[in-house]
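Okay, structure first, notes after.
The values are calculated or read from the model by the stated rules, or taken from the named source; none is laboratory data. As the structure is a computational prediction, the values presented were derived from the model and not from experiment. Virtual Cβ from ideal backbone geometry, glycine too; neighbours counted across all protein chains shown.
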């Protein structure tokens, strides 16, 4: 019989008039993986911060291994063995792997001097405990996302972690990296460590967990064994709605004419080579591949951010030299990057300014019509259902799904002929994902040509009419969506 590590009883938390947590009860056993899912704003982050001692609940209590707390301080949470690995991993990018792993050890031991040799011994032991091989002398800034995450896990286990909370741990990982993470989680469970796994990816939730709890609007709507629920049921518990899995129906224009985009033999260093494909008006083409396949670099080349060594790009039948972002914009090409926070948005600026920035950049007028720009911003905010009090709200206060809608609105304000979307639903909840995919399909139906780059097979199957599979810098296969399935494409990627 399993022993309960943590039990939450009737937790409530309000922020002004907003009820963030409403009478939340749940428990997690030693050596158990419990997944917590819910839309943005459902209360997941608030609950994690109550458990980690950042927020004090307004009522209720937490019992950890028989010890009752009406509230936890961050130090009490750490001393109880609770570690949180946030999406940014909270690592020092300018320090080495060894220094990052060992820093907490020296602080907890109240050492006045940092010993480099000892730090490397500590790091080797910590990484060996989870059977991971990372260069301990490498700077964290040079690591892949997966390596940073494993470094954070090794550091947490070094602190005798008994419960590790992972916040969206697979958002930026490839399929193989996710498999490695799941193996590490299994090892931690075998050591008796409990895992609270917070995620939007419903297929992974079932794969990694024994039990699932669902939050919606601050309330728990389900606490169920993972084996007893399917993706459709989870979607309903999360949103209170049933979503149809629509596919994009591409209807070629009667007067097809020249392709909007034609690529012949495009190559860039040793990253990708001999890339050829074409895209007609109103088509939505998916491009998928593992990390290192060259898919993102291909997008950057089409948008003028890197210059190919050879090959040709034709826009509506005319050969074009796209050597810069300015060249791409002149040819009516837009690009939504995978990392919307650092590359796609001005986080400290208002929704309105972010939406109309492309209009300002493209305008040759000395004086801008502020009234027209205001109307355009308001119309796009309504069309894309961006949830905010008004258009002056700063973008950094929005949920991930709403931030992604703002990036889309920015490009829709100038309606490019070709829009490249790199990971359009990364880090957004199931409700926002469904709505964003519907927006993409609608743009295609209205004649925009779109490239969707993603490793989410479900996303590609719902939004595209064709899918290109990239491996080692080459396009190996191009499928019509109606002639394939998720499993077949995933198998090709892994072979």
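Please find, within segment 471-480, the residue that is farthest from residue 283 (Cα to Cα) out of those that are over 24 Å from the mean Cα position of the chain (by Cα) and crowded, with 17+ Cβ neighbours inside 10 Å. Explain how you work it out, then say what you get.
Quick first cut of segment 471-480, residues over 24 Å from the mean Cα position of the chain (by Cα) only: 474-480.
Remaining after also requiring crowded, with 17+ Cβ neighbours inside 10 Å: 475, 479.
Working: 475: 18, 479: 13 Å.
If we take residues in segment 471-480 being over 24 Å from the mean Cα position of the chain (by Cα) and crowded, with 17+ Cβ neighbours inside 10 Å, then 475 is farthest from residue 283 (Cα to Cα).
Take the residues of segment 237-272 that are closer than 30 Å to residue 35 by Cβ and loosely packed, with under 11 Cβ neighbours inside 10 Å: which is modelled with the lowest pLDDT?
For segment 237-272, the residue satisfying everything is 244.
So, in segment 23-43, how many residues would count as being surrounded by 19 or more Cβ atoms within 10 Å (Cβ to Cβ) and either touching a helix residue (DSSP H, G or I) at 6+ places or on another chain (Cβ under 8 Å) or part of a loop (DSSP other than H, G, I, E, B) (or both)?
Matching residues across segment 23-43 total 12.
Looking at (1) under 23 Å from residue 21 (Cα atoms); (2) within 31 Å of the chain's Cα centre (by Cα), which one does residue 153 not meet, given that it meets all the others?
(1)
Assigned by TED's automatic domain parsing to the domain that holds residue 36, under 18 Å from residue 455 (Cβ atoms) and touching a helix residue (DSSP H, G or I) at 6+ places or on another chain (Cβ under 6 Å): does that describe residue 170? Please lay out each step first, then the result.
Numbers: assigned by TED's automatic domain parsing to the domain that holds residue 36: yes; under 18 Å from residue 455 (Cβ atoms): yes; touching a helix residue (DSSP H, G or I) at 6+ places or on another chain (Cβ under 6 Å): yes.
Spelling it out, residue 170 is indeed assigned by TED's automatic domain parsing to the domain that holds residue 36, under 18 Å from residue 455 (Cβ atoms) and touching a helix residue (DSSP H, G or I) at 6+ places or on another chain (Cβ under 6 Å).
Checking the structure you have, find out if any residue of segment 250-269 is within 30 Å of residue 429 (Cβ to Cβ), under 21 Å from the mean Cα position of the chain (by Cα), outside the structural domain of residue 431 (by TED's automatic domain parsing) and part of a loop (DSSP other than H, G, I, E, B). If you could, list the steps in order and put the result at the bottom.
At the first step, the residues of segment 250-269 found to be within 30 Å of residue 429 (Cβ to Cβ) are 250.
Adding the requirement that they be under 21 Å from the mean Cα position of the chain (by Cα) leaves none.
Scanning segment 250-269, I find no residue that is within 30 Å of residue 429 (Cβ to Cβ), under 21 Å from the mean Cα position of the chain (by Cα), outside the structural domain of residue 431 (by TED's automatic domain parsing) and part of a loop (DSSP other than H, G, I, E, B), so the answer is no.
Any residue at all in segment 35-52 that is farther than 28 Å from residue 432 by Cα and free of Cβ contacts under 8 Å to residues at least 12 places away in the same chain?
We begin by selecting, within segment 35-52, every residue farther than 28 Å from residue 432 by Cα; these are none.
No, segment 35-52 has no match at all.
Can you name the residue in segment 354-388 that is at pLDDT 80 or above and not in a helix (DSSP H, G or I) and, of all such residues, is surrounded by the fewest Cβ atoms within 10 Å (Cβ to Cβ)?
385
Could you check how many residues of segment 171-211 are assigned to a loop (DSSP other than H, G, I, E, B), buried (at least 19 other Cβ atoms within 10 Å of the Cβ) and modelled with pLDDT of 90 or more?
Adding up the residues that qualify gives 2.
Residue by residue, here is whether (1) closer than 27 Å to residue 208 by Cβ; (2) touching a helix residue (DSSP H, G or I) at 6+ places or on another chain (Cβ under 8 Å); (3) at pLDDT 95 or above holds:
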{"site": "7", "(1), (2), (3)": "yes, no, yes"}
{"site": "16", "(1), (2), (3)": "no, no, no"}
{"site": "21", "(1), (2), (3)": "yes, yes, yes"}
{"site": "45", "(1), (2), (3)": "yes, no, no"}
{"site": "50", "(1), (2), (3)": "yes, no, yes"}
{"site": "61", "(1), (2), (3)": "no, no, yes"}
{"site": "64", "(1), (2), (3)": "yes, no, yes"}
{"site": "68", "(1), (2), (3)": "no, no, yes"}
{"site": "78", "(1), (2), (3)": "yes, no, no"}
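Mind checking whether some residue in segment 146-156 is over 18 Å from residue 291 (Cβ atoms) and surrounded by fewer than 19 Cβ atoms within 10 Å (Cβ to Cβ)?
Residues of segment 146-156 that are over 18 Å from residue 291 (Cβ atoms), as a first pass: 152-156.
Remaining after also requiring surrounded by fewer than 19 Cβ atoms within 10 Å (Cβ to Cβ): none.
No, the conditions are met nowhere in segment 146-156.
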